[in-house]
Amino acid sequence: MNGTLKNTMLFGIIALMIIYVGLVQSWNSALLIVAMGLISSIMALGVNLQWGFAGLFNVGIMGFVALGGLAAVLIGMPPTEGGFAAGGMGIIGALLLGAGTILAAIQVMKRMDHGWPRTIAVIAVLIIGFFLFRGLLDPAAERIEEINPAQTGYLGGLGLPVLIAWPVGGLFAAGAAWVIGKTALGLRSDYLAIATLGIAEIIIAVLKNEDWLTRGVKNVIGVPRPVPFEVDLQNSAAFVERAAGLGFDPVEGSTLWVKVLYIALFATVLLILMWMAQRALHSPWGRMLRAIRDNEVAAEAMGKDVKARHLQVFILGSAICGVAGAMMTTMDGQLTPGTYQPLRFTFLIWVMVIVGGSGNNLGSVLGGFLIWFLWVQVEPMGLWLMNLITSGMAEGSALKDHLIESAAHMRLLTMGMVLLLVLRFSPRGLIPEK
Amino acid sequence: MDLLNALIAFLNYVFVPGVAYGSQLALGALGVTLVYGILRFSNFAHGDTMALGAMATVLITWLFQSWGISLGPLPTALLALPFGILACIGLLLFTDRYVYRFYREKKAKPVILVIVSLGITFIYNGVTRFIIGPDDQNFFDGERFIISAREFKRSTGLEEGLSFKTTQGITIITAVIVVIALFWFLNKTRAGKSMRAYSDNEDLALLSGINPERVVMITWIIVASLATIAGVLYGLDKSFKPFTYFQLLLPIFAAAIVGGLGNPLGAIAGGFVIAFSEVTITYAWKKVLVYLMPENLEPSGLVQLLSTDYKFAVSFVILLIVLLFKPTGLFKGQSV
């Protein structure tokens, strides 16, 4: 069986599974799986760039995705009235001051000679800077959060078309990746893992607590959409007529149509990124990255700048995750910092990359769809399984209730098992690297 | 008098919680550092190993409580702890036999083992939630306080009370005993010496006839004991909630790296460095400063450097600083 045929079959099987969901459950859930599958594929593509091309181990995907979500809010939401006047300048000043403090500390570090005076000077600069930063930020943040806290209480966004947020989300993620890459790359591979794990937790903590920025756990809802609202479609006579012509009632037709539009947008982004990733893979740059991955010492001896290339690919991969994060927040229409869980946003993506086939872009896309499908469908399957197992037990027994209640936790178990089995028996994944 | 009040407030809110938390982190970091030294990978499943060991202990504690067994003023969990450790040892040896050993024999790259340990994290987390559910579980019983704030105030006549919880006392005492036992084992026994030899130089250890599988087995047994003890102590002191153990992973790793990965002494020092930095930076110092400052200079705000929600950021920043300036850690760790 040749490669192309096998790949077509694999994708065909996933398509059939999604169609099956459409027939048995509802077309709405089937389309939702496709849309989220596309977003997952993009994230997996980004991680594949880091892991598959360059062997970098990033466990902070959640943080980069969340930064993308932040971009959707900062670009798409309308500005809060009076918010900027109340504390905008204070916030900007504080942020500039914070950045300036760090730059000053770095300069002191570079200019002064090694020794105790330097250490003390750096610490002094950082402490003074920190207090000035807090002194400027806190009152400004307080004033902003006082503005109609039930509705806004945050700065709001720029009110630009939300599609602009997608590349901006990528930029945000790239910025964070730069900071991490600068410090942790070049050390042991595990250190990068731990540093990324940390930055992800911190980004989520900032989103949860800085109310002036994201309303914190009060969530930002109603992020503008690049596609029409279902209600507007239902009120438009032309749409209702067209839906009726295809045999849909207006409500169902409008929800499906909106999903189709999202899918078209996401698919466009995926195709562009996929094309770019494929070109990168087959370019001299891609060959160099793989050479570095397979033998760092040899590549360095050939005059390749290992650290710079690692930094480059780490930033690029994280930026792709940021784009995907902005897309996801756009589709959800809300930013809910409380829902960012590492198991869902970091490790699931890893399962996708490993299962699909690390080092192969097509594999990442396949993994994205397959694992997302499993993630969504394992819960009903687990419930069904539990009902089957417990069918012989007495009605109302404590064990039966407990088992059925716990079926929701089957997801984690299944994903862990899938990851371990693939790593053990088919470590190159479903579509191996060529 | 004011000075004394400030001191008591400091002890009550910063020092005692810091020591207890530091002991818990140190025990966790010891487990991470041992796996790193012997098996040579960063074990991401350590947090969830703690959760599973603690869960086993919680279940056995409930069983004992239902039988009416108790330790009087001490929590019943202490009685259940050995059984929890046994369960955890069984689980880790099973995992090693069917998962890690395959990669060890293949001499897989460390990063592959890290990914495998991620898969294990998933499974352990799923098992924990499956058995006990994702919610808070209370398994503490016995006397709550060794010194309660009210009694302390009454007997000393000070404004500030010092409370010393039983769990804090148990944490500190247990940690001291465990650390002494561990170091005695590593330095004095044959098995411990073979472990250190294996950690220092694998090839040389193999040449001198050390059985690697035995070393690995002993390591997992110790790691399981440490993880369970740390998990139970944390659960007693705060509360048992499966998800919090995953979040402990960051401070634990930070502690292990700050001290120098692979170095047990460093893990303990790192645990206290991280714990005290977290507590001092996220504590609202107003309560202490009120007594120290003259009346007109009293702070108006809380004098809190960072809100407690950012405690992860503290361990992270310390981690970054150490990685930037001393990648092998404060005590010399294994490698860069």
*Which of (1) at pLDDT 95 or above; (2) at positive phi does B:Gly142 not meet, given it meets every other one?*
(1)
*Pair list, Cβ under 7 Å, 6 or more apart: region A:182-208 residue at the interface with chain B (Cβ under 7 Å from one of its Cβ atoms), other residue of a type in the set (S, T, N, Q) and not in a helix (DSSP H, G or I)*: A:Arg188/B:Ser335; A:Asp190/B:Ser42; A:Ala193/B:Ser42; A:Ile194/B:Ser42
*With respect to the numbered conditions (1) in contact (Cβ under 8 Å) with a residue 40 or more places away in the chain; (2) under 30 Å from A:Glu296 (Cα atoms), which one is the sole condition not fulfilled by A:Arg215?*
(2)
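Output the residue which, of all residues in region A:318-355 that are within 14 Å of chain B (Cβ to nearest Cβ) and surrounded by fewer than 23 Cβ atoms within 10 Å (Cβ to Cβ), is farthest from the chain's Cα centre (by Cα). Can you show your working first?
So the first thing to find is which residues in region A:318-355 are within 14 Å of chain B (Cβ to nearest Cβ), and the list is A:337-355.
Next cut, surrounded by fewer than 23 Cβ atoms within 10 Å (Cβ to Cβ) only: A:338-344.
Numbers: A:Gly338: 14, A:Thr339: 12, A:Tyr340: 9, A:Gln341: 11, A:Pro342: 10, A:Leu343: 12, A:Arg344: 10 Å.
Step by step, filter region A:318-355, then rank; the result is A:Gly338.
A:Ser358 - would you say it is within 14 Å of chain B (Cβ to nearest Cβ), closer than 30 Å to A:Thr4 by Cα and polar (S, T, N, Q)?
Working: within 14 Å of chain B (Cβ to nearest Cβ): yes; closer than 30 Å to A:Thr4 by Cα: yes; polar (S, T, N, Q): yes.
The answer is yes for A:Ser358.
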_Residue count for region B:80-106, restricted to those that are away from chain A (no Cβ under 14 Å) and either outside any helix (DSSP H, G or I) or farther than 17 Å from B:Met55 by Cα (or both)_ = 1
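Before we move on, is B:Ile210 more than 14 Å from chain A (Cβ to nearest Cβ), modelled with pLDDT of 95 or more and surrounded by fewer than 22 Cβ atoms within 10 Å (Cβ to Cβ)?
Answer is no for this residue.
Quick check on A:Gly368: is it among the small types (Gly, Ala, Ser), away from chain B (no Cβ under 12 Å) and touching a helix residue (DSSP H, G or I) at 6+ places or on another chain (Cβ under 7 Å)? Steps first, answer last, please.
Working: among the small types (Gly, Ala, Ser): yes; away from chain B (no Cβ under 12 Å): yes; touching a helix residue (DSSP H, G or I) at 6+ places or on another chain (Cβ under 7 Å): yes.
Answer is yes for this residue.
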*Every residue from region B:311-323 that is farther than 21 Å from B:Leu265 by Cα and either facing chain A (nearest Cβ under 7 Å) or of a type in the set (Asp, Glu) (or both)*: B:Phe312, B:Ala313
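From the list B:Thr328, B:Thr280, B:Thr308, B:Thr228, pick out the single residue that is touching a residue at least 12 places away in the same chain (Cβ under 8 Å) and away from chain A (no Cβ under 14 Å).
Details: B:Thr328 fails: away from chain A (no Cβ under 14 Å); B:Thr280 fails: away from chain A (no Cβ under 14 Å); B:Thr308 fails: away from chain A (no Cβ under 14 Å).
None of the others qualify; the one that does is B:Thr228.
Looking at the structure I just gave you, is B:Leu113 in a helix (DSSP H, G or I) and either surrounded by fewer than 17 Cβ atoms within 10 Å (Cβ to Cβ) or away from chain A (no Cβ under 12 Å) (or both)? Write out each step before concluding.
Values: in a helix (DSSP H, G or I): yes; either surrounded by fewer than 17 Cβ atoms within 10 Å (Cβ to Cβ) or away from chain A (no Cβ under 12 Å) (or both): no.
So B:Leu113 does not fit the description; no.
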*So how many residues does region A:181-191 have that are modelled with pLDDT of 85 or more and surrounded by 24 or more Cβ atoms within 10 Å (Cβ to Cβ)?*
1
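Anything in region B:116-132 that is in contact (Cβ under 8 Å) with a residue 24 or more places away in the chain and within 9 Å of another protein chain (Cβ to nearest Cβ)? List them, or say none. Give the derivation first.
Residues of region B:116-132 that are in contact (Cβ under 8 Å) with a residue 24 or more places away in the chain, as a first pass: B:117-118, B:120-121, B:124-125, B:127-129, B:131-132.
The answer is B:Leu118, B:Ile120, B:Thr121, B:Tyr124, B:Asn125, B:Val127, B:Thr128, B:Arg129, B:Ile131.
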*Which listed residue is in a helix (DSSP H, G or I) and closer than 30 Å to A:Tyr154 by Cα, from A:Leu70, A:Leu49*: A:Leu70
*asked:* All but one of (1) assigned to a loop (DSSP other than H, G, I, E, B); (2) aromatic (Phe, Trp, Tyr); (3) closer than 20 Å to B:Asn43 by Cβ hold for B:Phe140; state the number of the condition that does not hold.
replied: (3)
*Give me the pairs, please: first residue somewhere in region A:267-291 and within 20 Å of A:Met302 (Cα to Cα), second residue anywhere and assigned to a helix (DSSP H, G or I) and of a type in the set (Phe, Trp, Tyr), beta-carbon distance under 6 Å, and either six or more positions apart or on two chains.*
A:Leu289/A:Phe53
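Give the number of residues within region A:127-148 that are crowded, with 16+ Cβ neighbours inside 10 Å and part of a helix (DSSP H, G or I).
Taking region A:127-148 and keeping what is crowded, with 16+ Cβ neighbours inside 10 Å, we get A:129, A:132-134, A:136-137, A:140-141, A:143-145, A:147.
So of that shortlist, the ones also part of a helix (DSSP H, G or I) come out as A:129, A:132-134, A:136-137, A:140-141, A:143-145.
So the count comes out to 11.
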*Taking region B:222-251 as the region of interest, how many residues are over 20 Å from B:Ser42 (Cβ atoms), hydrophobic (A, V, I, L, M, F, W, C) and assigned to a helix (DSSP H, G or I)?*
5
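The values are calculated or read from the model by the stated rules, or taken from the named source; none is laboratory data. Keep in mind it's a predicted model, so treat the numbers as computed, not measured. Heads up, the Cβs are rebuilt from the backbone with ideal geometry, glycines too, and the neighbour counts pull from every protein chain shown.
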